[in-house]
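The values are calculated or read from the model by the stated rules, or taken from the named source; none is laboratory data. Remember, predicted model here, so these are calculated numbers, not experimental data. In this analysis, Cβ positions are derived from the backbone assuming ideal geometry, glycine residues included, and neighbour counts consider all displayed protein chains.
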Amino acid sequence: MDGNAHRTLGETLRATRDETAALRGDAQAIAAGIRELMRLEMELARAEAAESAAHAGWGIGLGAATGVLAVMASVFLLLTVMFALDTAMPLWLAALITALLIAAVAALLAALARARLRAFSPVPRRFLRTIREDLEWARTQMQSIGT
């Protein structure tokens with residue numbers, strides 16, 4: 001009977017070794033599948049980024065064209081104002097009034113831009129606050145585990 005017990009133990013060890021080898025093979029196959037999935041995901045991300053960049057390029061080009069046309073329209077509108085004033089006063093005075101009107105609008109826009117730029121901060125304050133909160137939470141959790 002001792003021979004049967006040893007044979008059964010040997011068979012059990014072989015079966016365990018075979019299962020371990022099979023599990024190792026399965027784990028390697030899963031790891032290979034995950035690597036392939038990540039490679040495909042990166043490829044998809046690159047393709048989406050390229051497509052987005054193309055759309056953005058068109059948007060930027062159209063926006064620039066719109067800006068140029070808006071500037072041209074503004075010039076002609078201001079020339080119209082100047083020529084309309086020319087009917088009531090000398091041309092030089094109409095041009096001066098138009099120029100002062102442009103300068104006043106530019107000064108107003110500059111003041112608005114300055115106020116906006118003063119309010120701008122490159123530091124991501126909300127992000128830093130949440131990181132601090134997360135670190136404090138993690139520290140509390142580590143302390144509670146330690147005690």
(Q) For segment 113-147, give me each residue that is outside any helix (DSSP H, G or I) and over 26 Å from the mean Cα position of the chain (by Cα). (A) Thr147
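Criterion first (part of a helix (DSSP H, G or I) and over 37 Å from the mean Cα position of the chain (by Cα)) does Val71 satisfy it?
no
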Q. Of the residues in segment 87-146, how many are of a type outside the set (S, T, N, Q) and closer than 30 Å to Ser74 by Cα?
A. 32
(Q) Tell me the residue from Ala94, Ala73, Ala47 that is modelled with pLDDT of 85 or more, surrounded by 10 or more Cβ atoms within 10 Å (Cβ to Cβ) and touching an Asp or Glu at 6+ places or on another chain (Cβ under 6 Å), please. (A) Ala94
Q: Have a look at Phe120, Phe83 and point out the one that is free of Cβ contacts under 8 Å to residues at least 24 places away in the same chain and either loosely packed, with under 10 Cβ neighbours inside 10 Å or at positive phi (or both).
A: Phe120
